[in-house]
Structure formats: C-alpha cells, structure tokens
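The values are calculated or read from the model by the stated rules, or taken from the named source; none is laboratory data. The structure displayed is predicted, hence computed values, not measured ones. Glycine gets a Cβ as well: all are built from the backbone with ideal geometry, and neighbour counts include every protein chain shown. In case anyone asks, the SASA skips ligands and DNA or RNA and just uses the protein heavy atoms, side chains included. Shrake-Rupley method; radii C 1.70, N 1.55, O 1.52, S 1.80 Å.
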Amino acid sequence: MTSVKMELDNISFAYDSLPILKELSLVIQESDFIGLIGPNGSGKSTLLKIIGDILKPDSGCIKFKGFDTRSISKKVFAQSVSWISQDHPMVFPFKVSEVVLMGRHPHLSALSFESHEDFNISQRAMETTMTSEFSERFFNEISEGEKQRVMIASALAQNPELMLLDEPTSALDLKYQIEIMNILKNLNTNHKMTLIVAMHDLNLASRFCNRIILINEGKVVSDGTPLQVLKKDILEQVYGIDLDLDFKNGHTLIHPNIDS
C-alpha cells in the first residue's frame, strides 16, 4: 500500500505582484514518477522550487510525510529531498567524483570529513548512473548528457526519498534523452525513488511516467495516468495548437498537426 509522501494545500506564490501559482493543491504518493507538464510560464519550475523548499509559498501549507515543512530544518529536509536544476555552472575545476561526493554534504556536520561510507555511497551512485567510467575527468570537460548523469548521481548520493528535476532532458540529443529517462525509470522502479520531473516532451512523459500533472496559469488542469491526461481536447486547449494523437503499446504519441 502506497503512502503519502508530500501534500500541498492551497499553495499560492507571486513574483512581486505577478501571480504564478494560484491556490494549487496536490498529493504526491510514495513511488510516484510524475511528469510535470505545461506551456512555458505555466509555473512548472516555480512549483518544483516550492516543493524543494527553495522558494517559500505566499500562502498555503506543505507537509512532508505528515510534518509541516516549516517545522523541518533545512539540513534534515535536504537529506530527504534533492533538487536538480536545468543549469549546472561549475566555476572551479572539480572532478566528476568530487561533484558526486558533494551530494553527501547534507549528511555531514560542519567540521566533519567524508567517511568511508560516504565514498562507498558516492561510488554506488556513479555505478547506478553509469558515470564511474569518467569519474576522474573534470566536470567542465564532459558532454552535457554526461553532466546531467553526474548531477543525478550527486543527487542520488544524498540518499533522498524524493528527487526533483527541472527539465533534465532539455538541450540533449535523442540518445541522451532516452538514457536519462531510463536512469530515472530505474531509480523509480528498482530503488522506489519518488520523482517529479518538469518536462516539455509529452511523448517522453507518456512513455516513462506513471502519472502526469498538467498545469497552466498556475493551476492544475489535469492529474492522472498518461492516458487520462494526454487527451486531444485538453492538450489543444492548454497549448493552443492542433495535435494528432496516436496510440502504440499502451502509450500516447503526440504530434503537432502542421497541415492545419
């Protein structure tokens, strides 16, 4: 029986006077693999930052495993929830193995050094994400797809229960897109990781996620399985474009109707 991992109740947020999220409520279940979709400016990235405690909501309540997140210390929260942004700027010349080991930071005290266990956990994270082979290379010298795998390894080294990713396949070629999504699917299926992934590619969302949340103008438009959410009338209304939908092997395939 699945349990509730996180609850968002009537969350609102605005940048200055511009409303981004509007009384949004969600229940995130343990072992969900959620594809968070919606047009540009719909609030996807802001919602992820709210969930990850990077931004504070203007109103509403967030509970993590039944506890109000305002009562949870940042250190304890960071041990359970990891965040991977779109960009990975790295000013200093760190090796891949060092970047992954940084994921252990929430578990260390201010004056402590990494233990043998920390190194072992980081090594397992690299093995899971297939990054061990270039662990001694410098992070800024590897490809974008490899960087994304390294950041997932670093997040995995935190031993989180919930992983948040903001468009992890953007700007990657098709090979790396599939590679990243397969890694995430493995984490969800075999490691029971709860995942929320903001993404633009509806076909990838249909293929890999077990739940889709479609948001627009700061509100949830539809929430359910890919077959429940990825429907022609709903998508055309939200995205403002004519679409052709096909079905293959239980998945929805979505194409823009360029002849309309």
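Once you sort the root eigenvalues of the Cα gyration tensor of the range 1-77 as a ≥ b ≥ c, which label holds: rounded (a/c under 1.5), prolate (a/b larger than b/c) or oblate (the other case)? Write out the running numbers ahead of the final one.
Working: a/c = 1.93, a/b = 1.29, b/c = 1.49.
Taking the square roots of the gyration eigenvalues as a ≥ b ≥ c, the range 1-77 is oblate.
Counting Lys +1, Arg +1, Asp -1, Glu -1, what net charge surrounds ASP87 among other residues with beta carbon under 14 Å of its beta carbon? Walk me through the numbers before you get to the answer.
Values: positive: LYS49, LYS147; negative: GLU144, ASP166, GLU167.
Around ASP87, the surrounding residues sum to -1.
Which translational diffusion coefficient, to the nearest whole µm²/s, is obtained for the range 100-143 from the Stokes-Einstein equation, given a Kirkwood hydrodynamic radius over C-alpha pairs, 25 °C and 0.890 mPa s? Estimated diffusion coefficient is 214 µm²/s. If you look at the Cα atoms of the chain, you get an Rg and a Dmax of 18.7, 63 Å. Which aspartates and glutamates have a Cα lying under 18 Å from the Cα of LYS75, excluding residues fewer than 8 positions away in the same chain? LYS75 reaches ASP53, GLU114, ASP118, GLU161. Computed from point charges on the beta carbon alone (+1 for Lys and Arg, -1 for Asp and Glu), the dipole magnitude for the range 1-87 about its Cα centre is near 220 Debye.
Rounded to the nearest percent, how much of the accessible area of the chain (1.4 Å probe, protein heavy atoms only) is carbon and sulfur? Don't jump to the answer; show the numbers that get you there.
Working: 6900 of 13130 Å².
For the chain, the apolar C and S fraction of the accessible surface comes to 53 percent.
Identify which of THR129, THR69, THR169 has the largest mean-square fluctuation in a Gaussian network model of the chain, with springs joining Cα atoms closer than 10 Å. Judging by the Gaussian network model, the answer is THR69.
Most mobile of SER143, SER17, SER206 per a Gaussian network model of the chain (Cα springs, under 10 Å)? For the chain, modelled as a Gaussian network with Cα springs under 10 Å, the answer is SER17. Amide H to amide H distances under 5 Å link VAL221 with LEU214, ILE215, ASN216, where only residues 5 or more positions off or on other chains count and H is placed in the peptide plane. In terms of the Cα gyration tensor, with a ≥ b ≥ c the square roots of its eigenvalues, is the range 67-125 rounded because a/c is under 1.5, prolate because a/b exceeds b/c, or oblate? It comes out oblate by the Cα gyration axes. With the highest mean first, a sort of the peptides 154-164, 244-254, 19-29 on other beta-carbon atoms found within 10 angstrom per residue produces 154-164, 19-29, 244-254.
Short-range pairs are left out: with C-alpha atoms under 8 Å and at least six residues apart, the relative contact order of the chain is 24 percent. Dimensions of the range 162-260 based on its C-alpha atoms, expressed as ranges along the principal axes with the largest first, amount to 42, 30, 27 Å.
Would you mind counting up the charge near VAL27? Only other residues with Cβ under 12 Å from its Cβ, with Lys and Arg at +1 and Asp and Glu at -1. The partial results should precede the final answer.
Working: positive: LYS5, LYS63, ARG211; negative: GLU7, ASP9, GLU30, ASP32, ASP223.
Once positives and negatives cancel, what remains is -2.
Rounded to whole Å, the principal axis extents of the Cα atoms in the range 25-114 read 40, 32, 27, largest first. Annotation: amide H-H contacts under 5 Å for SER31 (H modelled 1.01 Å from N, sequence separation of 5 or more, or interchain): THR194. Charge dipole of the chain (Cα centre as origin; +1 on each Lys and Arg Cβ, -1 on each Asp and Glu Cβ, all else neutral): 620 debye, rounded to the nearest 20. In the elastic network of the chain, a GNM with C-alpha springs shorter than 10 Å, the most mobile of HIS107, HIS200, HIS116 is HIS116. Classify the range 219-260 as rounded, prolate or oblate from the Cα gyration tensor: take a ≥ b ≥ c as the square roots of its eigenvalues, call it rounded if a/c is under 1.5, otherwise prolate when a/b beats b/c and oblate if not. Here the range 219-260 falls in the oblate category.
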